[in-house]
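Student: Quick one: structure below, then a few questions.
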Ligand SMILES: [Fe+2]
Ligand SMILES: [Fe+2]
């Protein structure tokens, strides 16, 4: 009879299981964790942690079913189960404390960059012909908090943008995500915020959430740094920016978010310009990741689940995530990748996206978008402001 057995081992094993289950439920409820499991090379570690939670309970139930209470064998097996369960509980508590105290720890900085409220936007200027104009810079993937990132290039891009803002030729800077290497860690955010404030103290700054920013529970620190929500819309006269929270891929981009995106797109006159912003790329040249075997190019999930909503409607889609600069034309839209704000360049592509018109690897820089009477003038520049590629999108 089970009832004759002391329930202590079962209580310890159940506690270890419940603790790990609670941690995993919290972790996978956080933005980006499912994507990290699929794409981030963490699958083995996550499955090992799940095994740490499940194994003691399975072993304890089996021990209690297989052995009789009278036998010495039961006493030994039961003691081992208690020891393994205790170890499991300690591992879970340790991992949980590490992640939660990082994610919800003290603020990285009391300050923040000079952020723009997307609902207000930035003020439009008047062009020489009197029509509204603006000129903005976009770049992505600075990866503050990572040794391998190019901090002089990062600073050069921001200082150039700040100088142009001061002389009235630039209106805002859009950072498309992966601002930091490890979203839950305060140190990277402290470096990011202090560096941005040093290099670009007054530059109106707006950001997207990147997959690295979101690791694990990092969205809390991202929101504190930029006072933003991950999805937003900014209307600048005839140009409409729609920012989407697409981190590793479309994981978490469910029916409600698709409906929101569709409603935004439908509300914009066809004579106006639509610029969709997303950390994760749709089209991109790229490579197969050596560690995971995953393809980091033309993102099949993004192209299947999200691209059909925007292709042909958006004039331009700008992303980061792959650390290249690229201009692609496909499906009635232009697709720019500008992961060139200092993050370590990705490998030389083994795959070239069929619509690729221009590609650059190993050069840091930014994408300038300027509203002119003839259309949206787009120009990739290196970190010194030298033009690399130009294209004007007109109606
Ligand atoms: Fe990145
Ligand atoms: Fe990324």
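Student: Rounded to two decimals, what is the ratio between the C-alpha radius of gyration of the chain and 2.2 N^0.38 Å?
Tutor: 1.17
Student: Exposure proxy check: 272, 178 ranked by fewest other beta carbons within 10 Å?
Tutor: 272, 178
Student: Quick one: helix 151-166 against the long Cα principal axis of the chain, what's the angle to the nearest 10°, folded into 0 to 90?
Tutor: That works out to roughly 40 degrees.
Student: Based on DSSP H runs of at least 4 residues, each adding -39500 (n - 2.57), what is the mean residue ellipticity at 222 nm of the chain after dividing by all its residues, to the nearest 500 deg cm²/dmol?
Tutor: That comes out to -12000 deg cm²/dmol.
Student: Moving to a separate point now. Considering only DSSP beta bridges where both residues belong to the chain, give the percentage that are antiparallel (nearest 5).
Tutor: About 60 percent, rounded to the nearest 5.
Student: Fewest Cβ neighbours within 10 Å first, please rank 175, 111 accordingly.
Tutor: Listing 175, 111 from fewest to most nearby Cβ atoms yields 111, 175.
Student: Same structure again: For the range 222-262 and the range 334-395, compute the distance between their C-alpha centroids and round to whole Å.
Tutor: 21
Only the coordinates and a few stated rules stand behind these numbers; no lab work does. None of these values were measured; they are calculated from a predicted model. Please note: Cβ atoms are built from the backbone with ideal geometry, for glycine as well, and neighbour counts cover all protein chains shown.
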